[in-house]
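One structure below.
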Amino acid sequence: MKQKGFTFEKLKFASFDFTCCEGCQLQLANRESTLPDFLGLLDIRNFREISSERHDDYDIAFVEGSISRSDEVTRLQAIRKQAKILVAFGTCACFGGVNSLKNRFAEGQPAAEVYPGMQVESLPVRKISDVVTVDFSIPGCPVAKEEVERIVVSLVTGSLIALPKYPVCMECKARLNTCLFDLGEICLGPITRAGCDAVCTTGKTACLGCRGPAEDINMPAFLELVKERGLKEEDLREKLAFHNAFEAVAANET
Ligand code: SF4
Ligand code: SF4
Ligand code: SF4
């Protein structure tokens, strides 16, 4: 961004939703304590949850949701053409997310069961990077608000943006939680990228890997841990597949 004295030019910002629950966009809109400061950094050109104004002259586009219809492909391509920076926003956008569970069924079957007798287009679910080039990804189901705000500030100030490379276990241990493996559960914390402050495991719920693989994970050691604790491989596969975030890792290692 161009710096003018001690002020910064506001970022021309747009946010769009595709196949999803819109929970990630709501994470931003709901954060009332910091929302005014956050919005002060942005020139909102298009953001349905926040403003009724619609403009097409944005520089950065946050794209939430996965792609499951042909009109979504066309709309996404138009956004890509306009945006200088396109950010895949949330686990649905980054990996396909929970929507990908639909891909386990025959094409058209889930839509036919939910909307009987209606013509509903429902293609196999794809992540955003399967359709257009993505400049940066912010995972999370939903995204972590503090992380998103930090990234937006970095974009505005032209600073380096990065996600934690280490796994959720680091944050979980820092919160002095009892390990769920010790309670007989499979938790994906050892192989999942941190950044959520171990919110699930702190609430005594096993990590389902919504933030995708951490860097340099030791998958063989993780598989050995599951095996030596006598936990079921099918449960592990189910957890790895839940957000579609470990597709490549699971195919190679399990
Ligand atoms: S990542 Fe989760 S919270 Fe965000 S839109 Fe998808 S389902 Fe909703
Ligand atoms: S509960 Fe999960 S995230 Fe926490 S230490 Fe155990 S394996 Fe790691
Ligand atoms: S603990 Fe795991 S499933 Fe829960 S928010 Fe963090 S990365 Fe996602």
task: Evaluate the following for Ala241: is it under 21 Å from Cys94 (Cβ atoms) and either aromatic (Phe, Trp, Tyr) or more than 16 Å from ligand 1 (Cβ to nearest atom) (or both)?
output: no
field: Residues that are touching a helix residue (DSSP H, G or I) at 6+ places or on another chain (Cβ under 7 Å), assigned to a loop (DSSP other than H, G, I, E, B) and more than 8 Å from ligand 2 (Cβ to nearest atom), drawn from segment 174-195
entry: Arg175, Ile186, Ala194, Gly195
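I'd like the residue in segment 153-188 that is touching a strand residue (DSSP E or B) at 6+ places or on another chain (Cβ under 7 Å) and more than 22 Å from Leu240 (Cβ to Cβ) and, out of all such residues, is farthest from ligand 1 (Cβ to nearest atom). Working first, answer last.
Residues of segment 153-188 touching a strand residue (DSSP E or B) at 6+ places or on another chain (Cβ under 7 Å): 155-157, 161, 163-164, 167-168.
Those left that are additionally more than 22 Å from Leu240 (Cβ to Cβ): 155-157, 161.
Numbers: Leu155: 20, Val156: 23, Thr157: 26, Ile161: 19 Å.
My answer is Thr157.
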message: If I filter segment 65-85 for residues that are under 23 Å from Ile161 (Cβ atoms), within 16 Å of ligand 3 (Cβ to nearest atom) and modelled with pLDDT of 95 or more, do I get at least one hit?
response: no
task: Just give me the residues in segment 115-167 being assigned to a loop (DSSP other than H, G, I, E, B), free of Cβ contacts under 8 Å to residues at least 24 places away in the same chain and on the phi < 0 side of the Ramachandran plot, in sequence order.
output: Tyr115, Pro116, Met118, Gln119, Val120, Ser159, Leu160, Ala162
task: Being among the acidic types (Asp, Glu), in the same structural domain as Phe8 (by TED's automatic domain parsing) and in contact (Cβ under 8 Å) with a residue 40 or more places away in the chain narrows it down to one of Asp37, Asp59, so name that one.
output: Asp59
task: Taking Ile191 as the residue in question, decide whether it is over 27 Å from Lys84 (Cα atoms) and either of a type in the set (A, V, I, L, M) or within 16 Å of ligand 1 (Cβ to nearest atom) (or both).
output: yes
message: Which pairs turn up if I take residues in segment 193-214 that are acidic (Asp, Glu) and look for partners that are more than 6 Å from ligand 3 (Cβ to nearest atom) with beta carbon separation below 6 Å, at least 6 apart in sequence or on another chain?
response: Asp197/Glu171
Residue list for segment 71-114, restricted to those being within 15 Å of Phe242 (Cβ to Cβ) and in a helix (DSSP H, G or I): Thr91, Cys92, Cys94, Phe95, Gly97, Val98, Asn99, Ser100, Leu101, Lys102, Asn103, Arg104
Residue identified as within 16 Å of ligand 3 (Cβ to nearest atom) and of a type in the set (Gly, Ala, Ser) among Ser129, Ser154, Ser159, Ser137: Ser137
- prompt: Which of the residues belonging to segment 162-216 are among the basic types (Lys, Arg), more than 11 Å from ligand 3 (Cβ to nearest atom) and under 17 Å from the mean Cα position of the chain (by Cα)?
  reply: Lys165
message: One residue is enough: does segment 85-107 have a residue meeting the conditions surrounded by 24 or more Cβ atoms within 10 Å (Cβ to Cβ), in contact with a His (Cβ under 9 Å, 6 or more places away or on another chain) and among the small types (Gly, Ala, Ser)?
response: yes
- prompt: What residue, of Glu146, Glu171, is charged (D, E, K, R) and within 13 Å of ligand 2 (Cβ to nearest atom)?
  reply: Glu171
- prompt: What do you reckon, is Gly212 in contact with a helix residue (DSSP H, G or I) (Cβ under 8 Å, 6 or more places away or on another chain), of a type outside the set (A, V, I, L, M, F, W, C) and modelled with pLDDT of 95 or more?
  reply: yes
- request: Among the candidates Leu160, Leu155, single out the residue that is surrounded by fewer than 16 Cβ atoms within 10 Å (Cβ to Cβ), of a type in the set (A, V, I, L, M) and under 29 Å from Lys10 (Cα atoms).
  value: Leu160
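The values are calculated or read from the model by the stated rules, or taken from the named source; none is laboratory data. Just so we're clear, the structure is a prediction, and the values are computed from it rather than from any experiment. FYI the Cβ positions are ideal-geometry reconstructions off the backbone, even for glycines, and counts take in every protein chain you see.
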